[in-house]
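Written below as structure tokens is the structure these notes are about.
The values are calculated or read from the model by the stated rules, or taken from the named source; none is laboratory data. Note that this is a predicted model, so its numbers are computed, not measured. Cβ atoms come from the backbone with ideal geometry, glycine included; neighbour counts cover every protein chain shown. The protein model used for the area step is the full one, side chains on, heavy atoms only, and it has no ligands, DNA or RNA in it. Shrake-Rupley method; radii C 1.70, N 1.55, O 1.52, S 1.80 Å.
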Amino acid sequence: MQIDHINMDFLGLLAVEAGKAVLEIYDTDFTVDYKADESPLTQADTRSHRIISHGLTERYPDIPILSEEGKSIPYAVRKNWHQFWLVDPLDGTKEFIRKNGEFTINIALIEDNQPVLGVIYVPVLDLLFLGNVRRGCTRDFRGVKTTLKMVAWKPQSKIRVVQSRSHQSPDMDTLLNRLPAYSCISRGSSLKFCAVAAGEADFYPRLGPTSEWDTAAGHAIIMAAGGVVVDMQGNPLCYNKENLLNSAFLAAHGIDFLKQIGVLSASDA
């Protein structure tokens, strides 16, 4: 299906519906289970997954779905997918459990191994980001819509680095020490991508492990706002790999900026 035939308003409303269900659980004394990899799982994760999967299947029955909380799909089946939904029904489960509000609902459309549409909804703030790599990026805060377009970093300014609130990498200090003057802010879940897209941060480096569903929607939103999400060699992150783990990556408004601040060499990308 052509991405121009995908209704972004529908995707936004679907994320909001899932977000409302998540908030109903957020306001209770919910229980926490743990998956085989010891990552936490709540009823909010599974309820959001059901709502999103049902909505996408009903509206777009020909587009398959890969969700963090869905059944594992063998690579032999999905390797031939030209297009599919990649969903994280509750990104930032640890933030959800801590009740700090920094969790999101993530929906992305992948086409030929690259994200082309992205939706991120922040239920606690009623804040919605919609990204179409061909048409641009918007932010909707309680009905007030804003177009997001990244602007170039000014070399005389401190680099605003956004980091994870829950995951710190021992290699991060080494990378940060290569930068000119910088300051750091912390965000949970995919709010780090949103901070870069919205111009609240200049740079989001991630050296620790992530899964494809953690990054796909944010990747699309960064691209729709005019930026890039690349590996340490300057190549765009690739999706629908046999192993769904991502390599380390850098998110910013451009390759030239990453070279300028010294985290990519001039020969990269």
Practice prompt. For PHE10, PHE203, write out the residues from largest to smallest accessible area, computed with a 1.4 angstrom probe and no ligands counted.
Written response: PHE10, PHE203
Item to complete: Using only Cα atoms, locate the centre of the range 1-50 and the centre of the range 226-269, then give the distance between them in Å, rounded to an integer.
Response: 28
Item to complete: Determine the gain in length on full extension of the stretch LYS158-ARG59; use 0.36 nm per residue of separation and subtract their C-alpha separation, reporting nm with one decimal.
Response: 31.1 nm
Discussion item. Please compute the per residue accessible area over the range 119-269 with all protein chains in place, 1.4 Å probe, rounded to a whole number of Å².
Written reply: 44
Discussion item. Under 26 Å between alpha carbons: how many lysine pairs meet that in the chain, if sequence neighbours fewer than 8 apart on the same chain are excluded?
Written reply: 29
Discussion item. Is there a quick way to get the dipole size of the range 142-210? I mean about its Cα centre, with the Cβ of Lys and Arg at +1 and of Asp and Glu at -1; what is the value in debye to the nearest 20?
Written reply: 320
Item to complete: Working with all protein chains in place, sort LYS259, LYS20 by solvent-accessible area computed with a 1.4 Å probe, largest first.
Response: LYS20, LYS259
Worksheet entry | Rounded percent of accessible protein surface that carbon and sulfur make up, the range 55-196, 1.4 Å probe | 49
Worksheet, complete the sentence: With a Förster distance of 35 angstrom and the Cβ-Cβ distance between PHE141 and ASP171, calculated FRET efficiency to the nearest 0.05 equals 0.50
Discussion item. Taking 8 Å as the Cα distance limit and 6 or more residues as the minimum spacing, I'd like the relative contact order of the range 180-269 as a percentage.
Written reply: 30
Fill in: Net length gained if the chain between VAL77 and ASP27 were fully extended (0.36 nm per residue, minus Cα distance)
14.1 nm
Worksheet item: What is the gain in length, in nm to one decimal, between LYS259 and ASP4 on full extension, counting 0.36 nm per residue of separation less the C-alpha to C-alpha distance?
Response: 88.4 nm
Discussion item. Using Cα springs under 10 Å in a Gaussian network model of the chain, which residue among ARG187, ARG206, ARG178 shows the largest mean-square fluctuation?
Written reply: ARG178
Discussion item. Which order do the peptides 96-108, 57-69 come out in when sorted by mean C-beta neighbours inside 10 angstrom, highest first?
Written reply: 96-108, 57-69
